[in-house]
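Encoded as structure tokens, the structure appears first; notes follow it.
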Amino acid sequence: MADTAQPGQERPKKKVSLGRQILMDNLLIILIIIAVFIGVGMGLGLRGVWAYDDYKKIWYLEFPGRILLNMLKMLILPLIVSSLITGMASIGSQATGKLGGAAVLYYMTTTLFAVIIGIVMVLTIHPGSEDDKAKLRQEGKSTDAKPLDSLLDLISQCFPENLVTACFERRTTEITKEKSDPRTNETDNTTYTEILDKYGLKRDRGTNVLGIVVFSIALGVVINHLGEEGLPLKNFFKSLNAATMILINVVIWFTPIGIMFLIAGKFISTDDIGQVLSDLGKYMGTVLGGLFIHGFIVLPLIYFVMTRKNPGRFALNMAKALFTAWGTASSSATLPLTMDCLVNKNNVNLNVVRFVAPVGATINMDGTALYEAVACIFIAQINGMNLSVADVIVVSLTATAAAIGAAGVPQAGLVTLVIVLTAVGLPTEDVTFILSIDWFLDRFRTAINVWGDSVGAGILNHFFRDTFNSDGGDSIELNMEPNEQKLAQTHDDEPPKYNGVNNEAYDPSEVDFTKL
């Protein structure tokens, strides 16, 4: 059939069937689920042939999985540095400084609340098996460091003496026992020696994530205050962040292969599979319980206290966006619907929404941070490792920062979990079993992420509604990366064209973000 399109006219786009569109949108998740089943089948099949302590064969079998973990670890450093510096350098102008500052304060506070809830839940429920508690007493790592020393180590790690060495080592307090010089008791004239604590520093292999996070935030704030003078440096880190995101997107597509071989190896090497599956069930219940408390109790309570309005009605008006977030497992993809519900159903000022919603979809990850904290301590429990108070604090701070740093990345839970495990020196290989159910938990934590963004928009609208005039007052410039502009598909044949950056003034009552 001849092409009827006239010169200069665009050819009509081919319609994509609903089934094919769903397959394309969820291809990675589908491949991961298939890989999990193949890995389980391979592991169960080889258990009858290989002994669980045949370490040589298992080591070779897990090789593709180790390559996946190595690639993820390789990208941790550029991801943290570029994303945090870019984010801090892009926040605020004279028009949006107060709103931006209040938004960041809200995001950091609620994310920290989520992490604390997750830590309390996992330490209370202890999804790690009882056998691991006994293992902890017998084989767990021990340290003579006192709580005060651990706290001082935590503060010291925030300020590394050398940024280069901070990339591959951490320094912690080491206490060794040493005999004192012979002393004489003047009363009975006897000679004795004492066992004294000798303090020193030891070097542990691993990235000092906390120090790099603190430096990146500080540098980003300074670049922001430099204005035009800091633009070259800001653009450099912006480009580095974009390049890192592309690399992560490429690496993520290797996830199904890596997971398949890691799961097969774990099923062969694990003596008691039933206990592991039981632990996973308790772990899933812990995560879902924490998300329920944060989403249905903490966030509504914050909204009511700050605005004195009914959070139930606000949530009901956001239902469409929340269900879409659950279905797509992406805060960024749900952005058009989130903005539509905020403006047209909850009457949030358009200019407030245009700033808060895209930024929130980028850096506000309450559900993800809670999940990372639970997963990290769960892995410590099943390995019989006793985390100190300082380690728990590091988990809290790193999970908060990592949830911000890896926002917008597909399967971001995998990337951020590797970051948190690296920060406290836990084995990254044990993410395997967690990743087998990550695709399911990801949908719930994404819904909580979007709900947290929405509550933040409602609270900030309450305080800043009169500051910005939706009919064209102060315009708000958004610095969004390409990966942050991923949009959800609607029920129409054409995808929505709103990108969250357009600064034209709209009448909020006439805006339908899903059909622009």
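Laboratory data are not the source of any read-out in this text; all were calculated from the coordinates shown. The model shown is predicted, which means the values in this text are computed figures rather than measured ones. Positions of Cβ are generated from backbone atoms using ideal geometry, with glycine treated the same way; all protein chains shown enter the neighbour counts.
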Using a Förster distance of 41 Å, the FRET efficiency for Val164-Gln275 (Cβ separation, nearest 0.05): 0.45
Taking Thr86, Thr324 and counting other C-beta atoms within 10 Å, the order from fewest to most: Thr324, Thr86
In sequence order, calculated HN-Hα J values of region 61-71 (Karplus, 6.51, -1.76, 1.60; Hz; x Gly/Pro): 5, 7, 4, x, x, 5, 4, 4, 5, 4, 5
Model label zone, Trp50; criterion: amide N under 18 Å from point 7 Å along Cα-to-beta-carbon; scope region 414-455: 429-433
Square roots of 5 times each gyration tensor eigenvalue, C-alpha, region 335-454, largest first, Å: 32, 14, 10
Net length gained if the chain between Arg313 and Phe63 were fully extended (0.36 nm per residue, minus Cα distance): 84.8 nm
Sequence-distant residues sharing a close amide H with Glu174 (under 5 Å, placed H): Gly200, Leu201, Lys202
Distance between modelled label sites at Glu228 and Leu152, nm, 7 Å Cα→Cβ extension: 4.9
Cα-derived Rg over Rh, computed across region 329-401 with Rh taken as Kirkwood radius: 1.20
Electrostatic dipole magnitude of region 20-81 [Cβ: Lys, Arg +1; Asp, Glu -1; Cα centre; debye, to 20]: 80
Distance between modelled label sites at Leu123 and Asn249, nm, 7 Å Cα→Cβ extension: 4.0
Residues whose placed amide H lies under 5 Å from that of Asn386, excluding near-sequence neighbours: Lys141
Simple spin-label estimate for Thr184 and Met24 in nanometres, 7 Å along Cα-Cβ: 9.2
Positive minus negative residues near Leu417 (Lys, Arg vs Asp, Glu; Cβ under 11 Å): -3
In order through region 233-246: 3J(HN,Hα) via Karplus (6.51 cos²θ - 1.76 cosθ + 1.60), integer Hz, x for Gly, Pro: 5, 4, 5, 4, 5, 5, 5, 4, 5, 4, 5, 5, 4, 5
